[in-house]
Amino acid sequence: MKEGETVYLEHQGASIVVRIGSERVEAAAVALEPEGPGALDVVSVGSSDVRTYTGGLEAVPKRGGAGMTLINLVPIEDYVASVVGSEYGLDDIEGAKAMAVVARTYALNALQQQRPLVDSDRSQVYLGLQRATAATRLAAAATAGEVLTWNGSMIDAVYSASNGGRTASNESIWATSALPYLTSRKDPFDAQVSPHASWQFEIDEKRMEQTISNTFGIETQTIRVDARAPDGRVTRILLKGNQGSKTISGSAFRAALARSFGAMSVKSTYFEMKEKRRRYVFKGQGFGHGVGLSQWGAHGMARAGHSYQDILAFYYRDTQLAQFSPETLPSEVYLVALEETTRPLSSWTSEETGIPGSTSVSDPGTESVDAPAGISSDNKARSRSSEKKPAEGDVWAGKPDALKTAR
């Protein structure tokens, strides 16, 4: 694509329709890239929001025929700089460097395991070129190629906004096999600086019971904490009603309340719950699942003078820093499925950005890929609205067949 050229993409059945001026091309999939160094601006028709991407874009029909998916083939360090800018909103360089290593490890491990990598908080928030600031580019460059490993393999580099003073183990949150580098430990750094170190939430008794009844298919009259992990997180909730009882996981309980009352209601499974005056009262600590790195804790460690290596060693026990070998993945550029492109992105000229060859893509109907499989991360230092959770999903494992190159 030439600088300033606009391409319109539209999904029709099993095809992608490309319009460039008066020309129209229909293909099973489409690949777009700037002519020479540059960037691509994605704009949703009828809106004015902006998102800009380095690398190239591919458009493919979503499985099942319901919309299209855009894939960004982005250089890894551009991706890392953007994720740090999107995920870590705190003003310290050592914490940002730690976040860069974690973001890189998380992404490359997902791709190596052939799990989908998407741009929302179901994987990691990736908002394109605009979030890659001078500070986040410095964090990416200072740690370029570094990943965390255990026994020679990249780790599941999960993280959360705040652990409330104690990290959680992966088994207590997701009931998965214990990972030695994701064990529970006290975290004084999080407790000292996090605005989520303690919180309280109250909800009308009948309102909460109705919400839980609707979500879990049992008429609920009583809700009780039934089990806790050694790290203090609630692992099991007992629901009782006239027609029997049911147990659900603490994570499922928290997710149901977050969907109904917002992520700032019950911020974690690290809570005490009591009934008082026909209300349920929650008193808790932390924001997110609490496994792995705490973003607020990393900030606290950086402020206390610790290096990014210290931060990583604290949150991921007995792991090693290693240089990533690109031969273990099929390409030198990395695939990120863009879920958020219904929010428009206007183009930047080369004079405004210093990037020659900026072009724009208008996308009237992109839909997201399915949720990623496996453990994923959890934000945020900026108190964003949802938690990343394990979920079933399709695998994106490389370029689609029959690509057509837009002019």
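The values are calculated or read from the model by the stated rules, or taken from the named source; none is laboratory data. This one's a predicted model, so the numbers in the text were calculated from it and none came from an experiment. Ideal geometry is used to build each Cβ from the backbone, glycine not excepted, and the neighbour counts take in all protein chains shown. Accessible surface is based on the protein model in full, side chains and every heavy atom, while ligands, DNA and RNA are left aside. Shrake-Rupley method; radii C 1.70, N 1.55, O 1.52, S 1.80 Å.
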Checklist entry - If you go through the stretch 15-49 one residue at a time, how many are open to solvent by 80 Å² or more (accessible area, probe 1.4 Å) and assigned to a loop (DSSP other than H, G, I, E, B)? => result 7
Next on the checklist: If I filter the stretch 299-319 for residues that are within 18 Å of Ile173 (Cβ to Cβ), of a type in the set (A, V, I, L, M, F, W, C), in contact (Cβ under 8 Å) with a residue 24 or more places away in the chain and open to solvent by less than 60 Å² (accessible area, probe 1.4 Å), do I get at least one hit?
Outcome noted: no
Next on the checklist: Consider the stretch 100-154. How many of its residues are of a type in the set (Lys, Arg) and within 10 Å of Val83 (Cβ to Cβ)?
Outcome noted: 2
Checklist outcome for this item: Picked from the stretch 259-273 (must be assigned to a strand (DSSP E or B) and open to solvent by 10 Å² or more (accessible area, probe 1.4 Å)), the residue farthest from Asn163 (Cα to Cα) is Met273
Item to check | Residues satisfying the stated conditions in the stretch 166-198, i.e. part of a loop (DSSP other than H, G, I, E, B) and either open to solvent by 40 Å² or more (accessible area, probe 1.4 Å) or more than 16 Å from Gly288 (Cα to Cα) (or both) | outcome: Ala175, Thr176, Ser177, Ala178, Leu179, Pro180, Tyr181, Thr183, Arg185, Pro195, Ser198
Next on the checklist: All but one of (1) open to solvent by 10 Å² or more (accessible area, probe 1.4 Å); (2) closer than 20 Å to Gly288 by Cα; (3) not small (Gly, Ala, Ser) hold for Arg137; state the number of the condition that does not hold.
Outcome noted: (2)
Checklist outcome for this item: Checking Arg207, Arg166, Arg233 in turn, the sole residue that is of a type outside the set (Gly, Ala, Ser) and out of contact with any Gly (no Cβ under 7 Å at 6 or more places or on another chain) turns out to be Arg207
Next on the checklist: For the stretch 232-258: of the residues being in contact with a Phe, Trp or Tyr (Cβ under 8 Å, 6 or more places away or on another chain) and not aliphatic (A, V, I, L, M), which is surrounded by the fewest Cβ atoms within 10 Å (Cβ to Cβ)?
Outcome noted: Lys246
